[in-house]
1. Take the alpha-carbon centre of segment 323-371, take the same for segment 235-250, and report the distance between them in whole Å.
2. Could you tell me which trypsin sites (Lys or Arg not before Pro) in segment 114-144 are loop residues by DSSP with no more than 12 other beta carbons within 10 angstrom of their beta carbon?
3. Mind checking segment 259-344 for GluC sites (Glu not before Pro) that DSSP puts in a loop (not H, G, I, E or B) and that have at most 12 other Cβ atoms within 10 Å?
4. Give the order of Val120, Val360 when sorted by the count of other beta carbons within 10 angstrom, beginning with the fewest.
5. Computed FRET efficiency, Cβ-Cβ of Asn261 and Ala322, R0 51 Å: what is it to the nearest 0.05?
6. Quick check on the exposure proxy: order Thr48, Thr256, Thr147 from fewest to most C-beta atoms within 10 angstrom.
7. Say the cut-off is 27 Å between C-alpha atoms; which of Lys186/Lys297; Lys34/Lys298; Lys297/Lys323; Lys129/Lys298; Lys129/Lys186 go over it?
8. Can you list the residues, at least 5 places off or on another chain, whose amide H is less than 5 Å from the amide H of Glu121, using H built in the peptide plane?
Amino acid sequence: MVRSIIVCFSFFVSPQVLSSLTSTEQLFSFIRQKNSNSRLLINDHLFTALIESNNIFDEFEDFVLSFGWKQREYDVGPPPCRFSVGSPSGRYRTFGIEPIIHFFGTFADPIECAYGLRYVELNNHGNQKEPWSVRQTGIYHKFEGSTEIWVFISPSPLIESKAVEHIDQIKEKCIKGVNPFELHLKLIIASLSNFRWYIKSLVERAAEQSIRVVAAQVGQGKLSSLIDFEINFEDRQLLKVVEDLALDLITIFDSTTDTINAIIWEYEYICDESGHRSDNIMSGLRDCLREVDLYMKKTKTLCKRIQGTASLLSDLLDYENAKIAQENGESLRILAQESREENSTMRALTEKGTKDAAAVKVITLITIIFLPTTVVSGFFSTQFVRQSEDGTRLTLTANWWIIAAISIPLTVVTFTIWYCWVRFPWNKWWDERIIRRSRKSNIIQRRPTGLGANIDPPNTDCESAFRDSPADGNSLSAARALHYSNTIGSKSRSGSHEKF
């Protein structure tokens, strides 16, 4: 009867419990997480006790470091698969080093291996855009004689169920009748089970964007719409998200291929040294390797499609920008044409205004000519023209020369004043004179007052004496001196009133 024990670690398991399990033939340890970005549900003392009580090699800690608290996942590819085959001291062996075991049937020498697997599963977050999530699990296996130790870090429900099935299989058979690599094959198959559907979802997301871009109808008219649906930079961002997920898949498949090749290499070596022939385990591992290679090809094809769609989308966005720039240039051309027409209209209006101003000037000059004569005739109130007795003609009176003698010089004086006012800068001179007077008045207002200086005091001797006193460094301040001046002056005036 094979004794098998399953240990699910928590913070309530003590190191003493692990020490009591060292003689167990089958030990399955599960270290879980609350979620993918949280810490492992095991403390440092308990983890150290697990390592020391089972003589787990140090390379296992490299896989533990991939877990723990983090905001985002950046370490997509786990460390390479580690094998230690040989003496119980744990001599490490990798590819290219001479083997140190000599038989397979009795498993006298210990075999240790550790590797990480990436898998995908539905996250049940209710997010229709991101229904899948990439998870990871760490696996350690040690087989020595009749003792078999398994350690699983953050296993998925499917991987955990495969481990339980393996335990039930061991209970039904003798441990020597169970191939220790059989569970490795089951774990790899379980980790690859959902990648087909995950890649399909990425292809659908990329195809949705690709159809929208490829089916775009570019406008033919000068001002026609570019495409029959809205397309913007957000579509490029969505393609970038899918492309990043596909690139992560390539890294995952590379690491999975490396892990499967390492297991195949070690299994072939053990079979050759022990005289065993290749069996279903080897065939299953090679099938998994071909499956990963197929997924790798699909992912690379997806990346090429995404890059082509992104390139076409970028070209469409550039074309749209060029089309908008062309339309803006056409609008600017129309505005320039309207501006030229408006300038032509304004020039015509200006020319018309100039002609009107000239006409008004002529009328004004004519008015100036007749104005003195009108003033003179109105001033003298005399008729210089009279009608003949028969009423057929007009005759000048004897004093007609008066209007000519006064109007002609007055007209000449009027024209002279107008000409001088227009031709000579009298307005500028007058404005400068006003400005100088204004500045002079401001300087007078801002001039500081001394102790009685520029003050119009009453005619008293005290105030005159105070006003004439010199101001030196020992004198009082200006405020106090002015206060005393006002006080003395008021007293003097009061004294004068008293005298009166």
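1. 62
2. Values: sites: Arg118, Lys129, Arg135, Lys142; in loops: Lys129.
Passing sites in segment 114-144 are Lys129.
3. Here no loop site has a sparse enough neighbourhood.
4. Val360, Val120
5. 0.50
6. Thr48, Thr147, Thr256
7. Result: Lys34/Lys298; Lys297/Lys323; Lys129/Lys186 exceed 27 Å.
8. Here Ser133, Arg135 satisfy the definition.
Taken together, the values in this text are just the output of simple stated rules run on the coordinates, not laboratory data. Everything numeric here is computed off the predicted structure, so don't read it as measured data. Cβ sites come from the backbone with ideal geometry, for glycine too, and all protein chains shown count toward neighbours.
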